Amino acid sequence: MLIHRCPYLFVERREDVAFSLDDLLGGGSGAVTRGRWVALAAPLAEEHELDGDDLRLLEAVGCEDPVPRAELERGHAPERIDRLLAAGLLLGESVPHQRLRARARQMQAAGWWPLAAAMQAFGRWRGVDVQEHPRETIADMVAAHGPAPAETHARGDVAHRLSLPPPRKTALDDLLARRVTCRNFAADGVVPLAQLADLLHRVFGEQGRQELAPGAVALKKNSPSGGGLHPVEAYVLAQRVEGLAPGLYHYHAVAHALEPLSAGDVGPGDGAMAATDPSGLDAADPSGWDATPPGGWASLALRLVAGQTWFANAPVLVLMTARFDRNFWKYQRHAKAWKVVQLDAGHLSQNLYLTATEMGHGAFVTGAINDEVIEQVLGLDGVTEGPVLINGFGPRAEQIVVGELDPNGRLDA
Ligand SMILES: Cc1cc2nc3c(=O)[nH]c(=O)nc-3n(C[C@H](O)[C@H](O)[C@H](O)COP(=O)(O)O)c2cc1C
């Protein structure tokens, strides 16, 4: 059998501090540090601990130049080879390993910068519920880490400051001042379809187009985009939209139309999702998928926003994804490209907030999302296209139960 090393592999040295009675009795502080190597292979998206002999074995195998197993066994224990094969850090010819190699080739073809591929792979959540673990209060954080760095900082001598003319306010300032992250949506609040259409067009829709060269069209939108490529896509999870059946839709930015996602695009429910492994080593069986997820749309919404009940009941969730391959087509293996894609999404999010605010709605954004669930329900491979953030909007509740930041009382204005 020929053996390859898994591509896009990084190795991190981690140090854990543990209590040791022996150390304490021997006159030490009782705190001993244990160092360990951790393998982070982007196609695998799963950590594995390594020892020094594992590292030497990985060093002996190429990603491109495979080594026959018999040759490896001359210098390395067969059990060690088996263990790294089982982990997916070494790849043979099995179907799961072929899938991993195909995923790595896909990363290569999409133009991923290796460190960004690792960030994307290891920053993904699958079954996170942020409310499962009691959160530290801000007062706890101050007690544990000391005061927060100052709210802004001064540079240079105060005497050298140039005071600016007082700001002149326009209607835009008024709109900006009313923008607040909403964590209290009306339980039965509904968004009319016409408002959803207006918002999608203003935030994500084509406002113009230009052929940059034969084979490369740029869309003009209402926000800037690194390289002018607008790789961010919008998917709508409609929970309560008057005139639109609840469900998942893709917004077509050029046609200004919603594309209902077919039954095959919508993933299975809780149990099957938990079993999903992006590496393909344990791929879920896609047969038997249904357009309405088990537990309904509300339960799916809650999983998408990682258990944040204060966001999950918004009438409309907008799932932003990025077609990384579109941006990386121009910025191949570029150190800034992944970051620029995230920044694009931030600009779109602010336009969504402002549009919703102007409509009299509350809006939110969250980065605390279960990326792998999103990939599954939208049928994304996570390499050419993957999740970035979730926005939502709709009528506010009359009472604020979950905290919001409105020091100037603009919500009561
Ligand atoms: C990228 C990003 C991610 C955020 N993620 C969360 C989140 O996961 N949960 C949440 O309750 N708020 C989230 N927020 C909202 C912030 O907490 C909020 O913007 C901040 O407290 C300031 O309040 P304001 O938006 O009302 O001015 C996020 C904001 C941004 C920009």
Subject >> Of residues in region 360-413 being under 23 Å from residue 195 (Cβ atoms) and touching a Ser or Thr at 6+ places or on another chain (Cβ under 6 Å), the one nearest to the ligand (Cβ to nearest atom) >> reply: 365
Original post:
Can you find even one residue in region 207-216 that is assigned by TED's automatic domain parsing to the domain that holds residue 325, in a loop (DSSP other than H, G, I, E, B) and touching a His at 6+ places or on another chain (Cβ under 9 Å)?
Top reply: yes
Original post:
Picking from 223, 163, which residue would you name as being modelled with pLDDT of 95 or more, among the polar types (S, T, N, Q) and within 16 Å of the ligand (Cβ to nearest atom)?
Top reply: 223
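Taking only region 22-40 into account, find how many residues are within 30 Å of residue 122 (Cβ to Cβ), loosely packed, with under 12 Cβ neighbours inside 10 Å and not small (Gly, Ala, Ser).
The initial filter retains those residues of region 22-40 that are within 30 Å of residue 122 (Cβ to Cβ), namely 31-40.
Going one step further and asking which of them are loosely packed, with under 12 Cβ neighbours inside 10 Å, we end up with 31, 33-35.
When the remaining residues are screened for being not small (Gly, Ala, Ser), the result is 33-34.
Matching residues across region 22-40 total 2.
For residues that are in a strand (DSSP E or B) and more than 16 Å from the ligand (Cβ to nearest atom), scanning just region 177-206, find the one that is nearest to the chain's Cα centre (by Cα). Don't jump to the end; show me each part of the working.
Within region 177-206, the first condition is being in a strand (DSSP E or B), and the residues that meet it are 181, 185, 191-192.
With the extra rule that they be more than 16 Å from the ligand (Cβ to nearest atom), the set shrinks to 191-192.
Values: 191: 26, 192: 29 Å.
Among them, the one singled out is 191.
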Original post:
What is the one condition in (1) closer than 30 Å to residue 412 by Cβ; (2) in contact (Cβ under 8 Å) with a residue 60 or more places away in the chain that residue 135 does not satisfy?
Top reply: (2)
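The values are calculated or read from the model by the stated rules, or taken from the named source; none is laboratory data. Predicted model only: the values in this text are computed from it and were never measured. FYI the Cβ positions are ideal-geometry reconstructions off the backbone, even for glycines, and counts take in every protein chain you see.
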